[in-house]
Amino acid sequence: MNYRIDAPLIVQGDRTVLLEVNSPEYETARDHLARFAELEKSPEYIHTYRISSLSLWNAAAAGLDAEGIIAGLHNLAKYPLPDNVIFEIRDTIARYGRVRLTRDPYDEDRLRLVSDEPLLLIELERNRYLRPFLLERVGPHTIQVPASRRGHVKQALTKAGYPAEDLVGYLPGVPLPFELRDISLAREPFLIRGYQQDAADIFWANGSDAGGAGVVVLPCGAGKTIVGIVAMSKVQANTLILTPSTVAARQWREELIEKTTIPADMIGEYTGQRKELRPVTVTTYQILTHRKRGTKNAKGMPLEEQYPHFALFTNGGWGLIIYDEVHLLPAPVFRITAELQARRRLGLTATLVREDQREEDVFSLIGPKKYDVPWHDLERQGWIAPAICYEIRVDMPEEERMTYVMAERRQKYHFAADNSNKLEILDRLISYHQGDRVLIIGMYLSQLENIAKRYGYPIITGKTKVAERERLYEQFRSGEITTLVVSKVANFSVDLPDASVAIQISGTFGSRQEEAQRLGRILRPKSDGRQAYFYSIVTNESVDQDYSANRQRFLTEQGYRYLILYGDEIPDALAHTQQRT
């Protein structure tokens, strides 16, 4: 058996891949794996990836072929690749697009499920997921399905292991002619970065039926909003934009006014405070999933009756629907999206990771991953700020440790996250970063309110009114205030370009996407080229430490390493490691 001692990978027969962190080829191997595999474990020396069917189908949709994947693994592996893994990569990649959805030229209420392989269609006719949607046979290569069930058919085919290439096309929507400005209203050049243009071009695919639906994955701070605006300029039609918060919705509106020729009175806000239906309408997931009273357990009731604001999806003549932070998409919006397959759909996100394991539904209903760039590539090019990540482990006071030990499992994390010794570390970090723009981020409101009172810092939580949030964010941007205490409401789509330090005092259990979003708050490139610092303070030998390890997985996949420090090593250890970088 051939053995290459310096190679960083061991590819195993169960599709897991082990990556040696200390190998000279670590970064090359990590960047190759990130395109078609998922990071499962990231201890200090050996990281474990898994090559899943969904990760391979996303790679295929993004243009990666089986031979490129296999060649890269072969070049980086210590041992020869297992034959079954080579076969499974080829077979899985080949399954993407072996069935196609097309229009039925004789009946607009029906679509055609087409394959060049008659035996494959016979197999699919017997599949329990697909069978409820099949209508009539039209020869050996074609089966009719209802046009109204286009999304459900795609979900069923993905579950069956044969994701469809959707070539049905899209409704054009009501025309909305506009141009991108060369100079923004703020009198600054509006320059589209190369990767932003590439992402929009790949999504649009020259207006062909093969384009128009998919997900663009870019780091926080890399300008996903600009990708959405460029995509809108290609579609030139009424657009519905879904966002995670009212603050995010208003930031989208401001960007559109600043950078396009769309008149301000044609861009509407549809939130809890305003109900404006305009050619471009920006709304929130929260308002869309507001239920009509008395419909919580109403089975069989049409979605529009349960969720009165769902009428927004069908009343605007949309040519494009943009799902900002698509990894947050609520289950009811998935359900309505299954019925909106005739509209072009663009998902924007920093991570396809979903804690509810519904990545497969993003793939089927919004579209496959069309564009992705490793975070460190953009860091090296200067488009996002370089960042150092620290996990600082803190012991519990003895009396708190006793309370923690005696607590029930579901209560343990709250006690560990609220460890009073974390405040001493917070004192030191705040002192060390005097003069920097600092965000102190946490999960538990009582903990955050205590911190805000301790230091006299302003605080933003879910209870803070939108106008007050916007005022505090603007004061932070202007430098009038330099430190903000924020809850999870600041995780998403908040533009704070000068924030350079984030201190995470507690997190949402083991949420990987939250960790990525919180780091993203400080990744906007700084005008003076400053480094960004991300600190996560965790309780040593507790579930807090376990959850922290899980939260870090996605960022580790992107190339970030967490330096582990203990409470008594600060600030000397910080000065030493930061001097080295």
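Some observations on this one:
- Taken over segment 526-540, the criterion of being surrounded by fewer than 17 Cβ atoms within 10 Å (Cβ to Cβ) and among the aromatic types (Phe, Trp, Tyr) is satisfied by no residue.
- Residue match in segment 198-219 (condition: aromatic (Phe, Trp, Tyr), outside the structural domain of Lys526 (by TED's automatic domain parsing) and more than 18 Å from Glu179 (Cβ to Cβ)): yes
- Some residue of segment 133-151 being surrounded by fewer than 18 Cβ atoms within 10 Å (Cβ to Cβ), among the charged types (D, E, K, R) and assigned to a loop (DSSP other than H, G, I, E, B): yes
- Selection count, segment 99-132, where residues are assigned to a strand (DSSP E or B) and either over 19 Å from Ala338 (Cα atoms) or out of contact with any Ser or Thr (no Cβ under 6 Å at 6 or more places or on another chain) (or both): 9
- Filter result (farther than 21 Å from Arg30 by Cα and either surrounded by fewer than 20 Cβ atoms within 10 Å (Cβ to Cβ) or not assigned by TED's automatic domain parsing to the domain that holds Leu312 (or both)) within segment 360-388: Glu360
- When Trp57 is tested against (1) touching a residue at least 40 places away in the same chain (Cβ under 8 Å); (2) aromatic (Phe, Trp, Tyr); (3) out of contact with any Phe, Trp or Tyr (no Cβ under 8 Å at 6 or more places or on another chain), exactly one condition is not met: (3).
- Filtering segment 432-455 to residues that are touching a residue at least 60 places away in the same chain (Cβ under 8 Å) and not aliphatic (A, V, I, L, M) leaves Tyr432, His433, Asp436, Arg437, Gly442, Tyr444.
- Some residue of segment 380-391 being free of Cβ contacts under 8 Å to residues at least 40 places away in the same chain and within 30 Å of Pro525 (Cβ to Cβ): yes
- Selection status of Leu64, closer than 27 Å to Trp204 by Cβ and free of Cβ contacts under 8 Å to residues at least 40 places away in the same chain: yes
- Within segment 9-30, the set of residues being touching a strand residue (DSSP E or B) at 6+ places or on another chain (Cβ under 8 Å) and among the β-branched types (Val, Ile, Thr) comprises Ile10, Val11, Thr16, Val17, Val21.
- Of the residues making up segment 322-330, at least one is surrounded by 19 or more Cβ atoms within 10 Å (Cβ to Cβ), within 30 Å of Ala29 (Cβ to Cβ) and not acidic (Asp, Glu).
- Within segment 288-316, restricting attention to residues that are touching a Leu at 6+ places or on another chain (Cβ under 7 Å) and assigned to a loop (DSSP other than H, G, I, E, B), the residue that is modelled with the lowest pLDDT is Tyr307.
- Residues being crowded, with 18+ Cβ neighbours inside 10 Å and more than 19 Å from Gly520 (Cα to Cα) - total across segment 434-451: 3
- Residue match in segment 54-65 (condition: on the phi > 0 side of the Ramachandran plot and within 25 Å of the chain's Cα centre (by Cα)): yes
- Filter result for Arg35 (part of a loop (DSSP other than H, G, I, E, B) and among the basic types (Lys, Arg)): yes
- Summed over segment 268-278, the residues that are in contact with a Leu (Cβ under 9 Å, 6 or more places away or on another chain) and either surrounded by 22 or more Cβ atoms within 10 Å (Cβ to Cβ) or of a type in the set (Gly, Ala, Ser) (or both) give a count of 2.
- Total residues in segment 155-200, condition free of Cβ contacts under 8 Å to residues at least 60 places away in the same chain, crowded, with 17+ Cβ neighbours inside 10 Å and of a type in the set (Asp, Glu): 0
- Helices (runs of 4 or more DSSP H) lying entirely in segment 360-450 (those with 3 or more residues that are over 30 Å from Ala331 (Cα atoms)): 375-380, 398-406, 422-432
- Annotation: Arg477 fulfils all but one of (1) without any contact (Cβ under 8 Å) to a residue 24 or more places away in the chain; (2) under 20 Å from Ile537 (Cβ atoms); (3) surrounded by 15 or more Cβ atoms within 10 Å (Cβ to Cβ); the unmet one is (2).
- Residue in segment 402-416 that is touching a strand residue (DSSP E or B) at 6+ places or on another chain (Cβ under 6 Å), surrounded by fewer than 18 Cβ atoms within 10 Å (Cβ to Cβ) and modelled with pLDDT of 90 or more present: no
- Ile86 being out of contact with any His (no Cβ under 8 Å at 6 or more places or on another chain), free of Cβ contacts under 8 Å to residues at least 60 places away in the same chain and more than 25 Å from Leu365 (Cα to Cα): yes
The values are calculated or read from the model by the stated rules, or taken from the named source; none is laboratory data. Predicted model, so just to flag it, every value in this text is computed and none were measured. Counting neighbours? That spans all protein chains shown, and the Cβs are built from the backbone with ideal geometry, glycine included.
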